[in-house]
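Data block below; observations after.
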Amino acid sequence: MQSTPFESFGLPPPPPPHEEATPVSVEEVRLVEVRNAWGELLKRHLTDFRLEVDKELQAKKTAVEENLDLGSKFNDPRLNQKVVEESGEEKPVFECSESAGNISLKCTVCSVTTTGIKTMVSHLAGKKHVAKMAGLRVVEGAGVADPVQTAASLVPEQGLLSRLLPMHQGAPLLGVDFVAEVLIGRSEPDYHCLLCSTAVTVREVVVHLSTASHQLAFLAQAKPELYLQFAAHSSTATETWDKTTLNSLDSVVEGLEVVWKEPKVVASPLVFEANKEQIFAEMEASNRD
């Protein structure tokens, strides 16, 4: 291995070049306390509140499924078919039962029972079933319910963030009602701030609501006369603002009378994307009232 010039003369190598630490912005320092306090609150309460929300949602889901017709439950309108018997009475072609978590479907015309929907769909396409149905008077059942609309009702009476925020201590949080809590099955929800067109986790949502950029976006929307006080700084990133300007913004925020409005809870990402424009329009209208 070739020695360095310094080693050749018996000298130690020079120290590595000094790397200056990236300066921490006044905005970042301002948010450290918010992040730490919110993190501690989540450690104490997040798990319990998530379990409460999940229990409520599972109960609602069960109730909705019990009231759905078979066609809507399996998204196949053929499962709502009926046949007219000699007496003139209409009889469902399909019946469904569940035992120990296993779903069984019965074709009453063919006296065939299958486990799960896929096997029944194969039976529907079979020659024997098609031939038997051709000889009967069939009444097509109701169309299936819109899965997006059905899912839209599966939200808790109070969302996860609405349970947590009353325990938050600190400066008022502006524009909470511009946040949509989007449920993702049994995972933690995503939080979409439609005012800032950004999505964050439950761990970052209060930090986002405390940023100067979000506070300015809310003032521009709901209190334009106050926003104009900072218009001269609006062309620069809030991360570059000095302490005096940020303190001035803090004073304005703390002086506001904030009316508590809960975040909008949305049943799924699919429902959110299908209704995002309408949700934002409702949020804007609410802030004009």
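Give the residue, chosen from Ser187, Ser122, that is hydroxyl-bearing (Ser, Thr, Tyr), farther than 21 Å from Gln278 by Cα and outside the structural domain of Val53 (by TED's automatic domain parsing).
Ser122
What do you reckon, is Arg163 out of contact with any strand residue (DSSP E or B) (no Cβ under 9 Å at 6 or more places or on another chain) and at pLDDT 95 or above?
Answer is yes for this residue.
When you scan region 165-283 for helices (runs of 4 or more DSSP H) that lie fully inside it, which ones turn up with 3 or more residues that are in contact (Cβ under 8 Å) with a residue 40 or more places away in the chain and either surrounded by fewer than 21 Cβ atoms within 10 Å (Cβ to Cβ) or not hydrophobic (A, V, I, L, M, F, W, C) (or both)?
It comes to 212-222, 243-254.
Picking from Glu254, Glu181, Glu204, Glu262, which residue would you name as being over 30 Å from Pro156 (Cβ atoms) and among the acidic types (Asp, Glu)?
On inspection, the qualifying residue turns out to be Glu254.
Can you tell me which condition Ile117 does not meet? The list is (1) within 30 Å of Val271 (Cα to Cα); (2) out of contact with any Phe, Trp or Tyr (no Cβ under 9 Å at 6 or more places or on another chain), and all the others hold.
For Ile117, the failing item is (2).
Considering only region 250-281, state which residues are over 12 Å from the mean Cα position of the chain (by Cα) and among the aromatic types (Phe, Trp, Tyr).
Taking region 250-281 as the starting set, the residues that turn out to be over 12 Å from the mean Cα position of the chain (by Cα) are 250-262, 274-275, 277-281.
Of everything in region 250-281, those that are over 12 Å from the mean Cα position of the chain (by Cα) and among the aromatic types (Phe, Trp, Tyr) turn out to be Trp260, Phe280.
Which strands (runs of 3 or more DSSP E) sit wholly inside region 25-138 and have at least 1 residues that are without any contact (Cβ under 8 Å) to a residue 40 or more places away in the chain and of a type outside the set (Val, Ile, Thr)?
Per the criteria, 90-92, 94-99, 102-107.
The values are calculated or read from the model by the stated rules, or taken from the named source; none is laboratory data. Not measured: the values here are computed from a predicted model. Cβ coordinates were reconstructed from backbone atoms using ideal geometry, including for glycine residues, and neighbour counts include every protein chain displayed.
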